[in-house]
Amino acid sequence: MTDGLAKVNTALKAALDSSHDAAWTMPSAFYTDPDFTRLEVEHLFKKEWHCVGRIEEIAEKGQWMPYRLANEPLVITHGTDGKIRALSNVCRHRGTLIATEKGKGRRLLCPYHHWAYDMTGQLKAAPKIEERDGFTVKGCKLPEFRCETWMGFIYVNLEQDAAPFAPSVAELEAKIAPYHMEEMWLGYILEETWETNWKSMIDNYMEGYHLSPLHKTGLANLNPTDMCEHLTPGEHWFGYSVGFPEDLPRVTSGHPDCTKEQSNTCIMAMVQAGSGIGLGADYSSFLCLQPEGPDKVRYKAGVLFWGEWPQSAVDRAIELFQQTMEEDRSVLEPMMLGYASDHHAPGPLAPAPLEGNILDLARYVGRRLGPALDATA
Ligand code: FES
Ligand SMILES: [Fe+2]
């Protein structure tokens with residue numbers, strides 16, 4: 001085992017044994033070691049369920065969108081049968097990518113030699129290539145991966161025999177069902193790459209300690225640090241809640257199924273490895289990310305709205321989201337320089353309501369990667 005992996009392994013075992021009150025931050029190798037990132041890709045990103053976006057992105061039959069999960073180029077299609085599928089986006093001819101952007105049509109057409117596939121991945125045409133032994137158009141299909149929809153999101157798993165997604169988030173679903181996130185509409189979507197580690201981004205999304213200091217002129221007015229509560233984590237998710245100040249003007253109290261307390265509480269949750277939701281009854285955000293090495297993360301994020309909103313209020317919510325993301329970026333990218341320092345050392349975490357989810361993420365990773373790390377010894 002390399003020195004970096006040994007440090008990570010020791011820290012993950014300590015995290016699994018630690019209480020929230022006694023928890024420490026992880027060593028820098030957890031965020032910077034390339035061997036560890038490779039293990040994460042193999043054991044988390046290629047094996048767990050991942051959010052690849054919202055159903056609204058491909059709301060109509062015949063629409064598709066590309067997405068890359070780990071090293072697998074995918075195209076998510078909305079079939080004429082109404083079914084959403086996750087197909088390999090790799091042409092069965094010479095392997096170039098078929099869809100490079102969102103689109104709509106009857107066929108997915110490979111740009112190279114115009115092989116054409118339908119929305120189920122079935123090859124329909126291979127111009128000028130005769131059928132022969134070992135090849136028929138009918139017998140040629142794009143590989144299809146496991147795909148489920150949940151709360152308006154599309155989840156994909158590259159592992160064919162993975163356990164179904166929905167039961168893994170049943171406890172979380174019971175908690176958030178009254179908000180009816182599946183009825184919210186997508187008002188803003190963003191795809192970007194940041195120069196930071198994917199877990200730093202999740203740590204940040206999932207802790208309320210920084211809300212009042214870092215976001216003091218913006219988000220902290222809605223969700224101040226002092227109103228954070230830690231939620232008891234599940235096996236496949238963890239989260240915290242944060243209240244809205246009582247005198248805060250809100251456009252709507254959300255779905256009528258929400259109690260007053262639910263309307264006044266935002267739930268932040270990470271679902272499996274890289275999908276975060278920030279759920280408010282009036283509007284919500286989401287984040288789905290993929291590592292591109294230890295110090296780079298590609299992500300999709302968006303803002304969802306419940307019910308009718310005046311355009312000016314939508315614009316303000318989107319501006320606040322953008323401001324929040326920029327403020328987060330301003331600390332998460334320089335953090336990689338901090339982790340590269342010979343003098344970085346772990347420090348104590350704030351109490352569970354504020355930074356409990358940082359330990360929860362380390363434990364989640366420890367449960368998934370412990371055996372693989374031990375096997376490198
Ligand atoms: S590579 Fe797709 S048609 Fe040739
Ligand atoms: Fe933030």
For Thr25, other-chain or 5+-apart residues with amide H closer than 5 Å (H placed, Pro excluded) are Gly347, Leu349
Report the trypsin sites (Lys or Arg not before Pro) located in the stretch 124-159 that are in a DSSP loop and have at most 16 other Cβ atoms inside 10 Å of their Cβ, or state none.
Lys128, Lys138
Using 0.36 nm times the number of residues separating Lys104 and Glu173, minus their current alpha carbon distance, what extension gain do you get?
21.7 nm
If you take the charge dipole of the stretch 1-73 about its Cα centre, with +1 on Lys and Arg Cβ and -1 on Asp and Glu Cβ, which of Ser19, Gly62, Trp49 is farthest toward its positive end?
Gly62
Could you work out how far apart the two model spin labels at Lys260 and Thr136 are, taking each label as a point 7 Å from the Cα in the direction of the beta carbon, and quote it in nm?
6.8 nm
Assuming R0 = 51 Å, what is the FRET efficiency of Lys124 and Asp226, from their Cβ-Cβ distance, to the nearest 0.05?
0.30
For the chain, what is the mean residue ellipticity at 222 nm derived from helices alone (per DSSP H run of n ≥ 4: -39500 (n - 2.57); sum divided by total residues; nearest 500 deg cm²/dmol)?
-8000 deg cm²/dmol
Shape of the stretch 337-376, Cα gyration tensor, a/c cut at 1.5
oblate
Amide H proximity to Ala125 below 5 Å, modelled H, separation 5+ or other chain, gives Ala116
Classify the chain: rounded, prolate or oblate, from the alpha-carbon gyration tensor (a ≥ b ≥ c, eigenvalue square roots; a/c under 1.5 rounded; otherwise prolate if a/b is larger than b/c)?
oblate
Hey, got a sec? Which GluC sites (Glu not before Pro) in the stretch 10-94 land in a DSSP loop and have at most 13 other Cβ atoms within 10 Å?
Glu60
Checking the cross-link filter: which aspartates and glutamates have an alpha carbon closer than 16 Å to that of Lys47, excluding same-chain neighbours under 8 positions apart?
Glu72, Glu144, Glu148, Glu159, Asp161, Glu235
Apply the Karplus parameterisation 6.51 cos²θ - 1.76 cosθ + 1.60, with θ equal to phi minus 60°, to every residue of the stretch 76-83 and state each ³J(HN,Hα) to the nearest whole Hz, in sequence, with x for glycine and proline.
9, 10, 10, x, 5, 7, x, 7
The chain - Cys residues lacking any other Cys C-beta under 4.7 Å:
Cys140, Cys147, Cys228, Cys258, Cys266
Where a Cα-Cα gap under 25 Å defines reach, which lysines qualify for Lys124, not counting those fewer than 8 residues away within the same chain?
Lys61, Lys83, Lys102, Lys104, Lys138, Lys141
Got the relative contact order for the chain handy, in percent, Cα pairs under 8 Å and 6 or more residues apart?
22 percent
Below 12 angstrom from the Cβ of Ala99, what's the summed charge of the other residues (Lys, Arg +1; Asp, Glu -1)?
+3
Loop GluC sites (Glu not before Pro), the stretch 283-377, which have at most 13 other Cβ atoms in a 10 Å radius of their Cβ (DSSP)
Glu308
Treating the beta-carbon of each Lys and Arg as +1 and of each Asp and Glu as -1, no other charges, what is the dipole magnitude of the stretch 24-76 about its Cα centre, to the nearest 20 debye?
120 debye
Tell me which of Ser253, Gly218, Thr232 sits at the most positive position along the dipole axis of the stretch 196-261, charges placed on C-beta atoms (Lys, Arg +1; Asp, Glu -1).
Gly218
Work through the residues other than Gly302 whose Cβ is under 13 Å from its Cβ and net out their charges, Lys, Arg +1 and Asp, Glu -1.
-2
So how strong a dipole does the stretch 50-157 carry about its Cα centre when Lys and Arg Cβ are +1 and Asp and Glu Cβ are -1, to the nearest 20 debye?
200 debye
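We did not get these values from a lab; they are worked out from the coordinates using the rules stated. Remember, it's a predicted structure, so these values are computed and weren't measured experimentally. Every residue, glycine as well, gets a Cβ built from its backbone with ideal geometry; the counts of neighbours run over all protein chains shown.
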